[in-house]
Amino acid sequence: MDPTVEGKRRATIMKRVHMARKRGERIQVMFDEKGQPEGKHGNELMSWIGVLAREHVPIWIQDWRSRDLDGLKEIIWKETVTSFTVEESFRNTCLKSCGEAARNFRYDLYKTFVEEFINEESVWTRPKKVIDN
């Protein structure tokens with residue numbers, strides 16, 4: 001990331017949430033009648049879920065719904081409960097949002113690092129067994 005370029009959005013690290021965790025505090029989140037987080041702390045919670053997706057979910061995961069990921073999902077849920085005061089009924093929404101955030105992160109990586117090279121003719125004409133240097 002070039003600090004001289006202005007106007008570019010960058011990934012957040014949620015410094016406020018990390019500081020609250022160090023102090024042993026949990027951020028109180030309010031929910032609407034549909035069970036969705038709302039207000040300033042609701043936005044922080046959803047951003048935190050995105051941070052957890054970037055930190056914990058491997059980029060090679062193809063299907064977030066896989067049972068093989070139950071341990072990873074439990075880690076993400078525990079991290080969320082450690083940082084925020086949320087009800088158990090929010091768990092499903094939290095994990096769905098995390099899966100979506102992980103998918104968006106993989107797409108951003110693809111757009112940034114892969115897409116411009118995938119259209120090169122050499123990639124398409126090279127035999128599959130030949131490794132490109």
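Beyond a 22 Å Cα-Cα separation, which of these cross-linked pairs lie in this structure: K15/K78; K73/K111; K22/K78?
Working: K15/K78 18 Å; K73/K111 26 Å; K22/K78 15 Å.
Those over the limit are K73/K111.
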Between V29 and residues 5 or more places away or on another chain, the pairs with built amide H atoms under 5 Å apart involve T85
For the stretch 7-74, what is the Kirkwood hydrodynamic radius in Å, using each pair of distinct C-alpha atoms? 14.1 Å
Computed ³J(HN,Hα) along the stretch 89-94: with the Karplus parameters 6.51/-1.76/1.60, θ = phi - 60°, integer Hz and x for glycine or proline, the list is 5, 7, 3, 4, 5, 4
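Write down the Å³ per residue value for the convex hull defined by the alpha carbon atoms of the stretch 15-125.
Values: hull volume 14.4 nm³, N = 111.
In the stretch 15-125, the Cα convex hull volume per residue is 129 Å³.
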Whole-Hz ³J(HN,Hα) for each residue in the stretch 48-64, computed from phi via Karplus 6.51 cos²θ - 1.76 cosθ + 1.60 with θ = phi - 60°, x for glycine and proline: what do you get? 4, 4, x, 4, 4, 4, 5, 7, 10, 8, x, 6, 8, 5, 8, 10, 4
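So how do S47, S83, S66 line up by other beta-carbon neighbours within 10 Å, fewest first?
On the way: S47 16, S83 22, S66 11.
Placing the least packed residue first, the sequence is S66, S47, S83.
No value in this document is a laboratory result; all are computed from the given coordinates. What you see is a predicted model, and the numbers here were worked out from it, not measured in a lab. Cβ atoms come from the backbone with ideal geometry, glycine included; neighbour counts cover every protein chain shown.
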